[in-house]
Amino acid sequence: MNIINGKEISASIRAEIKAEAEKMTVKPGLAVILVGSDPASQVYVRNKNKACEEVGFYSEMYTLPEETSMEELLGLIDQLNQSPQIHGILVQLPLPKHLDEEKVILAINPEKDVDAFHPVNVGKIMIGNHSFLPCTPAGVMELLSRSGIDVTGKECVVIGRSNIVGKPQAMLLLHANGTVTVCHSRTKNLTEICSRADILVSAIGKAKFVTPDMVKEGAVVIDVGINRDENGKLCGDVDFENVAPKTSFITPVPGGVGPMTITMLMKNTLTAAKNIENK
C-alpha cells in the first residue's frame, strides 16, 4: 500500500508554476471575491492569497459584506473582466441566499473563469477541448499521473455527481481512457459496483462512508471528501484505517487531494495569463 502524498506533489507543481511565471512578460493575476463572512470560505480565500504569493502571482482580494446586492457584485465582476492585470476571476461559493449563483458564474468572462464553472468551459471539458479544468478533478488526475497510475482500460468508479467534482471527474477519467461508472444516492448495489473498481474516487462528503467491503484488493482509492468524524477530527469519505491495507494506492485526508485544489487554481491562472498574452 502506497500513500499518495498530496503535499509533496502539490509543492513540486507549485515550483514548476513559479518557474514558468518568472519567464513571462506579464505577471499572472488572480482576483478572488468573497461575499459574507462564512468562516470556511475565509480560510480558503486566505490560502488562495498565500498560494499566489508563493508562486509569484499578482492578486486582488475583495471581501464584500453579506448584504451586497446583485448589481454591486456584477459591477465588480465586469470591472475585473476589463482589467488587464487580472487573468483569473474566482467568486467563492456558496454565496448568500439572495444572490443568484448561476447569474454570477455567467457574468465571468469564460477566458478568466479559472474555476471552470462557466457553461462554455463545462462544454469544452465535455468534448475534451479545454483551456481550464475544475480544480479538484484536475488535482486528482495529477495525483494519479505523478504516482505512475495509468487510467487506460481501468474500471473507474466515481461516487458523487456534483457539477464541481463528480461529473467533471467522470469526464476526465473517460478522456484518460478509463471505463467509468458514476454512482450517487439512488444507485442500487453500490457496494457491488464499487468493489469492481480498479480506481475508486469518492466525492460525497460523508465521513468514513467507504468501508473495506466496497474496495477491491489492490484498488487505487482517491478520497475527495473533507468531513469531521464523531470526535470532531478531520477525515475523508473513506474509512482510511480499515480500507488502506486493501489498496495499492490511497490518498489521506488531510494531505491528499486537498493541497492539490488550490495548486490547480494557480495552474489555471497561469494558463489564462498565457492565453491572454498569446492573443
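The values are calculated or read from the model by the stated rules, or taken from the named source; none is laboratory data. These numbers come from a predicted model, not from an experiment. Every residue, glycine as well, gets a Cβ built from its backbone with ideal geometry; the counts of neighbours run over all protein chains shown.
From the list P137, P119, P96, pick out the single residue that is closer than 20 Å to A203 by Cβ and not basic (K, R). Exactly one of P137, P119, P96 is closer than 20 Å to A203 by Cβ and not basic (K, R), namely P137. Reported count of residues in the range 155-169, each being buried (at least 20 other Cβ atoms within 10 Å of the Cβ) and either within 13 Å of I222 (Cβ to Cβ) or more than 18 Å from the chain's Cα centre (by Cα) (or both), is 8. Of the strands (runs of 3 or more DSSP E) lying entirely inside the range 1-98, those containing at least 2 residues that are without any contact (Cβ under 8 Å) to a residue 40 or more places away in the chain span 58-64. Per the listing T269, T247, the residue uniquely among the polar types (S, T, N, Q), under 13 Å from M1 (Cα atoms) and in contact with a strand residue (DSSP E or B) (Cβ under 6 Å, 6 or more places away or on another chain) is T247. Here's a check for you: in the range 96-107, which residue that is aliphatic (A, V, I, L, M) and over 18 Å from the mean Cα position of the chain (by Cα) is surrounded by the fewest Cβ atoms within 10 Å (Cβ to Cβ)? Top of the filtered list is L106.
Taking the range 170-181 as the range and being within 14 Å of the chain's Cα centre (by Cα) and over 17 Å from F132 (Cβ atoms) as the test, only A170 passes.
For (1) touching a Cys at 6+ places or on another chain (Cβ under 6 Å); (2) in a helix (DSSP H, G or I); (3) in contact (Cβ under 8 Å) with a residue 24 or more places away in the chain; (4) closer than 27 Å to K50 by Cβ, each residue gets a yes or a no:
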site	(1), (2), (3), (4)
E230	no, no, no, no
A244	no, yes, yes, no
T269	no, yes, yes, yes
A273	no, yes, yes, yes
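From the list I125, I199, I159, which one is at negative phi, in contact (Cβ under 8 Å) with a residue 40 or more places away in the chain and not assigned by TED's automatic domain parsing to the domain that holds F240? Result of the check over I125, I199, I159: I125. Scanning the range 21-50 for residues that are in contact with a Pro (Cβ under 9 Å, 6 or more places away or on another chain) and surrounded by 14 or more Cβ atoms within 10 Å (Cβ to Cβ), which turns out nearest to N81 (Cα to Cα)? So the residue we want is G29. Scanning the range 160-192 for residues being modelled with pLDDT under 95 and in contact with an Asp or Glu (Cβ under 9 Å, 6 or more places away or on another chain) gives a total of 1. D223: crowded, with 23+ Cβ neighbours inside 10 Å and in contact with a Ser or Thr (Cβ under 7 Å, 6 or more places away or on another chain), yes or no? It is true that D223 is crowded, with 23+ Cβ neighbours inside 10 Å and in contact with a Ser or Thr (Cβ under 7 Å, 6 or more places away or on another chain). Residues that are surrounded by fewer than 18 Cβ atoms within 10 Å (Cβ to Cβ), within 21 Å of I164 (Cα to Cα) and not aromatic (F, W, Y): does the range 68-83 have at least one? No, the range 68-83 contains no residue that is surrounded by fewer than 18 Cβ atoms within 10 Å (Cβ to Cβ), within 21 Å of I164 (Cα to Cα) and not aromatic (F, W, Y). Take L174 and tell me if it is outside any strand (DSSP E or B), out of contact with any Pro (no Cβ under 9 Å at 6 or more places or on another chain) and crowded, with 20+ Cβ neighbours inside 10 Å. No.
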